[in-house]
Amino acid sequence: MDNVRKINDILVNLFNVVLKLEEKAIKESTNRDLSITELHTLAAIGQGRPKTMSQVAASLKISVSTLTAAVNKLVKKGYVDRFRIPEDRRIVKIRLTDTGAAAVREHEAFHMAMISDAISQVPEDQIGKFIESIDNINEYLLMRKHPPAKDPGPFSMKPLELGKVHVPVPLFQGALSIGLSMSRLAAAVAREGGVGVIAASKIGFREADFSENPLEANKRALRREIRKALELAGDGKRGPIGVNIMWSAKHCSQYVETAVEAGAEVIVCGGGIPTNLPKYCRDKKVALLPIVSSKRAANIIIRNWTKKFNRTPDGFIFQGPLAGGYLGVKESKMETAAEEFYKNIADIKGELEDLENCPLIVCGGIYTREDAEKAFAYGADGFQLGTRFVTTEECDACDAYKNAYLNSKEKDVTIITSPEGFPGRVIKNSYVSRIGEDPRCITQGLINAALGDLDNGLIFCGSKVQKANKIEKVADIFREFT
Ligand SMILES: Cc1cc2nc3c(=O)[nH]c(=O)nc-3n(C[C@H](O)[C@H](O)[C@H](O)COP(=O)(O)O)c2cc1C
């Protein structure tokens, strides 16, 4: 009880002290006319592209009318600029003025200095443990906000049926593009009984004719990798070989058909809502799994497929905002999505309850067995690891890519935004600061990284990348989880 009281006092005290220090810092700063709430509003508007009022209101979890009142004042004080976009005069956007951006920078610098000062009190060799402990408390409180519906009982990894496809171990390897999850990694995972997934995105990047005829180059490489993976995986008791296809990709229907023809046993489809996926794969022996980020998306797919194709997905993959690769939630909604991660697992599971057999696979920030156990407690039937598989011997990434993971620290991770407005998590390097928002640079950066040119490359990663500290075998990961 003593410890409970002590920790409670510390947390309450910390909260109050930080608030007072913030107030004092603002009074002493160049922006004395701002309140803490106003500064937090400026931080939510952020220094990137202009935002709509509803984007900012969502990230602050306030109504648009409350935000409008706050923005009116900030415009008057010269911190925010409000304008209509020329393409559609009905849309109002807001952005920081130079003074607003400077105020946010000054406030961020204050936060960084305060925390650096405070943690200088923690001995260097205990920092890692300290971060882990407060992170655990944070996650636990998040879980308490939405407790699991029922006690899941002891953690057990039961085999799954994805339609007609048997999966001995419900551990999925997430697609890793470009060129990082090819036949070698996928086969190694399938041999352990999990689902090995080849990433189809720009898979032909090493083909001689890739620039002139990307469609043919991609199809050729995809066919070859699937056949190789099936051969390497062997005929024994194994998990299936899957292919991940981005629904937003040009010619995605042709990639689905090519994958099925070459023998893919599972098709995973992300990057949009694949309302027509069954049209391109009539063979019910192939399992179809959409990736979703919300219950709403799952519901749209179920209703669409039932009406148009008289079938439902053979499983869903729910990707949370801590995942690697592109995320399905806008940057302004990432914080809320992280807070609601466990609630969303339970909600999506509820949505699938009435279907005959539709397992839910969860991913995003799952790195250890403990992480997987939490997802299972909320209703997951299986889980997917992306980041963890990059630092395996069998991963098809080059050594420089794997080393970037091994050397990464939490502060090295940043978010870039695709031209469609979707965030992607990457390891900071000079290329990230050079590319701006040019989509060609993003694709080229991913290809350069796959080829080992990390100075001109983009290194996608999940939020737990800093946990990677050794190269391991795929079999070691399965041993830890099963
Ligand atoms: C380097 C990298 C590339 C990825 N490429 C893709 C992709 O092409 N398609 C996709 O659906 N997901 C992609 N992802 C997401 C993963 O498949 C997986 O869902 C995600 O990494 C899980 O989160 P975790 O990294 O925290 O384990 C990628 C992730 C990483 C780290």
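Only the coordinates and a few stated rules stand behind these numbers; no lab work does. Note that the structure is predicted; figures quoted are calculated from it, not measured. Reconstructed Cβ throughout: ideal geometry from the backbone, glycine too, with neighbour counts over all protein chains shown.
Numbers for the structure displayed
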quantity	calculated
Alpha-carbon centroids, the range 38-104 and the range 400-421: separation in whole Å	28
Positive-end residue, the range 1-158 charge dipole about Cα centroid, Cβ charges, pick of Met143, Asn16, Ser54	Ser54
Among Ala188, Tyr280, Thr417 the positive-end extreme of the charge dipole of the chain (Cβ point charges)	Tyr280
Angle between the chain longest axis and helix 127-145 axis [Cα atoms, degrees, rounded to 10]	80
For the range 27-43, 3J(HN,Hα) per residue [Karplus equation, 6.51 cos²θ - 1.76 cosθ + 1.60, θ = phi - 60°, Hz, x = Gly/Pro]	4, 8, 8, 6, 10, 4, 7, 9, 9, 4, 4, 5, 5, 5, 5, 4, 4
Ser248-Ile137 FRET efficiency (beta carbon distance; Förster radius 45 Å; 0.05 resolution)	0.75
C-alpha long axis of helix 252-262 to longest principal axis of the chain, angle in °	40
Using alpha-carbon coordinates, inclination of helix 64-77 to the longest axis of the chain, degrees	50
Order by protection proxy (mean Cβ within 10 Å, highest first), peptides 50-62, 164-176, 21-33	164-176, 50-62, 21-33
Charge dipole (debye, nearest 20) of the range 148-303; +1 at Cβ of Lys and Arg, -1 at Cβ of Asp and Glu	360
Three-way shape label, the range 159-292, alpha-carbon gyration tensor, a/c 1.5	oblate
Sequence-distant lysines (8 or more away, or on other chains) whose Cα lies within less than 17 Å of Lys330	Lys51, Lys61, Lys93, Lys295
Tensor-based shape of the range 335-387 (alpha-carbon gyration tensor, a/c under 1.5 rounded, otherwise prolate or oblate)	oblate
Dipole magnitude of the chain about its Cα centre (Cβ charges: Lys, Arg +1; Asp, Glu -1), debye to nearest 20	1320
Sites matching trypsin sites (Lys or Arg not before Pro) across the range 423-482 that sit in DSSP coil, with at most 10 neighbouring C-beta atoms within 10 Å	Lys470
Cβ-placed point charges (K, R +1; D, E -1), dipole of the range 265-321 about Cα centre in debye, nearest 20	320
Mean Cβ neighbour count within 10 Å, used as a protection proxy, ranking 291-304, 263-276 highest first	263-276, 291-304
CD proxy at 222 nm, helix term only [per DSSP H run n ≥ 4: -39500 (n - 2.57); per residue of the chain; nearest 500]	-14000 deg cm²/dmol
Shape of the chain, Cα gyration tensor, a/c cut at 1.5	prolate
Karplus-derived 3J(HN,Hα), 6.51/-1.76/1.60, for each residue of the range 278-283, Hz, glycine and proline x	x, 4, 9, 9, 7, 6
Given charges at Cβ of Lys, Arg, Asp, Glu: the chain dipole, positive-most of Val256, Pro240, Leu162	Val256
